[in-house]
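Read through the structure below, which is laid out as structure tokens, and then see the notes.
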Amino acid sequence: KQEVTQIPAALSVPEGENLVLNCSFTDSAIYNLQWFRQDPGKGLTSLLLIQSSQREQTSGRLNASLDKSSGRSTLYIAASQPGDSATYLCAASGYSTLTFGKGTMLLVSP
Amino acid sequence: KAGVTQTPRYLIKTRGQQVTLSCSPISGHRSVSWYQQTPGQGLQFLFEYFSETQRNKGNFPGRFSGRQFSNSRSEMNVSTLELGDSALYLCASSLEQGLREKLFFGSGTQLSVL
């Protein structure tokens with residue numbers, strides 16, 4: 001059974017800092033790894049999707065990497081802004097299910 | 001293009017009742033998946049529908065069921081509600097590959113069971 005863990009559970013940084021969020025998974029037989037953002041009381045917004053054959057994906061200030069052999073993915077956020085404050089979740093797509101981590105709650109203070 | 005629409009936004013029910021939630025996917029999307037989010041368990045996959053057929057199913061009891069219509073709209077039903085069913089229920093749509101491609105989520109239905 002796939003298990004996904006996200007560290008840290010919460011993170012508070014001042015505006016402008018670069019930061020890294022971590023995601024680990026126990027079963028390397030995945031189709032892809034997705035990163036989402038969730039604002040309070042809202043649904044999820046897809047940020048980046050990395051196929052199992054890829055090593056990384058970039059979108060603006062966001063960069064996500066995937067290392068299947070070690071069961072790890074990281075989300076790098078450059079030059080953080082207060083608007084980046086949200087909960088970030090990663091999810092591993094397996095053969096017939098999607099398994100989420102419990103998220104990292106990020107607070108970026110002005 | 002309109003996003004994924006979930007109705008109702010909030011729902012209050014009592015134990016033993018049943019409830020039906022609705023999800024309208026993005027136009028052209030044929031896959032709809034459902035998720036339960038609670039503070040304790042986080043986000044958990046319920047099931048996925050494609051072309052009116054359940055394609056994948058998570059580890060939830062039979063009280064949780066769903067269906068998909070020919071226009072790709074989907075409904076989720078929970079029978080004999082329990083206090084532990086209180087949660088944010090989210091649906092997501094995608095083009096065809098379901099859980100293997102980019103997912104677009106609705107804002108969810110917040111269900112409270114008293």
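The values are calculated or read from the model by the stated rules, or taken from the named source; none is laboratory data. Quantities reported herein were computed from a predicted structural model and do not represent experimental measurements. Using ideal geometry, Cβ is built from the backbone for each residue, glycine included, and neighbour counts are taken over all protein chains shown.
The table below gives the values:
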| read-out | value |
| --- | --- |
| Subset of the range A:33-66 (residues that are touching a strand residue (DSSP E or B) at 6+ places or on another chain (Cβ under 6 Å), more than 17 Å from A:GLY94 (Cα to Cα) and β-branched (Val, Ile, Thr)) | A:THR45 |
| Some residue of the range B:87-95 being modelled with pLDDT of 95 or more and touching a Pro at 6+ places or on another chain (Cβ under 7 Å) | yes |
| A:LEU33 being outside any loop (DSSP other than H, G, I, E, B), in contact (Cβ under 8 Å) with a residue 60 or more places away in the chain and either under 24 Å from B:THR38 (Cα atoms) or not acidic (Asp, Glu) (or both) | yes |
| Yes/no for A:VAL4 being at the interface with chain B (Cβ under 10 Å from one of its Cβ atoms) and of a type in the set (Val, Ile, Thr) | yes |
| Test: residue in the range A:48-56 that is loosely packed, with under 14 Cβ neighbours inside 10 Å, among the hydroxyl-bearing types (Ser, Thr, Tyr) and part of a strand (DSSP E or B) | no |
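So that you can scan it fast, the table gives a plain yes or no per residue for (1) at pLDDT 95 or above; (2) part of a strand (DSSP E or B); (3) away from chain B (no Cβ under 11 Å); (4) surrounded by 15 or more Cβ atoms within 10 Å (Cβ to Cβ):
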{"residue": "A:VAL20", "(1), (2), (3), (4)": "yes, yes, yes, no"}
{"residue": "A:GLY41", "(1), (2), (3), (4)": "no, no, no, no"}
{"residue": "A:THR74", "(1), (2), (3), (4)": "yes, yes, yes, yes"}
{"residue": "A:ALA79", "(1), (2), (3), (4)": "yes, no, yes, no"}
{"residue": "A:LYS102", "(1), (2), (3), (4)": "yes, no, no, yes"}
{"residue": "A:MET105", "(1), (2), (3), (4)": "yes, yes, yes, yes"}
